[in-house]
Every structure is written in C-alpha cells, then in structure tokens.
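Report on the following structure.
Read-outs: derived from the displayed coordinates by stated rules, not from any lab. Every value quoted in this text rests on a predicted model; they were computed, and no experiment measured them. For neighbour counting, all protein chains shown are included, and Cβ atoms are generated from backbone atoms with ideal geometry for every residue, glycine included.
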Amino acid sequence: MSQVAICPTCGSKSKIKEKEGVVTYQAVQDEEAFKKIGQMKKAMEKFKAKANNLEKELEALKAKL
C-alpha cells in the first residue's frame, strides 16, 4: 500500500516509493484520487483485520481436532 505525504520539494500531496534506499515522491494530482487512496487504505486495514481473525479461528479449530 502506498504511503501519502507532503513532498519536501514542491509541497504537494505525493505517494512515497522507496527502491534500493532511494525515496521518490510522485505527486497526486487530483483531490478525488487522494480521497480514494485514503478509502482504499481503510478498506485494506479492515480486510487485514478480518483475515487475521479468520486465521486465528482456523488455528483454534485445527487445535481442537
């Protein structure tokens, strides 16, 4: 999941990418796109939480067998 932060050079909202120790900033041009990125992050966090809960439940069921 991409991180969004303020670019230190131009001050715009940007996606941060790190490759081989080099951090690059890619500007998010559209405010609506920025909102959608936030929504996607929230959805992914909910999905991760559900997946973790299901994994725990599966381990508990396996332990009972």
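The mean of 1/r over all pairs of different alpha-carbon atoms in the range 3-64, once inverted, gives a Kirkwood hydrodynamic radius of 14.2 Å. Helix content alone sets the calculated 222 nm mean residue ellipticity of the chain: runs of n ≥ 4 DSSP H residues at -39500 (n - 2.57) each, divided across all residues, give -19000 deg cm²/dmol. Qualifying trypsin sites (Lys or Arg not before Pro) in the chain, where qualification requires a DSSP coil assignment and no more than 14 other C-beta atoms within 10 Å, are lacking entirely. Rounded to the nearest Hz, the phi-derived 3J(HN,Hα) couplings of the range 50-62 under the Karplus curve 6.51 cos²θ - 1.76 cosθ + 1.60 (θ = phi - 60°) are 5, 4, 4, 5, 5, 4, 5, 5, 5, 4, 5, 5, 5, where x marks glycine and proline. Beta bridges assigned by DSSP with both partners in the chain are antiparallel in approximately 100 percent of cases. Length gained on full extension, residue 52 to residue 39, computed as 0.36 nm times the residue gap minus the Cα-Cα distance: 2.7 nm.
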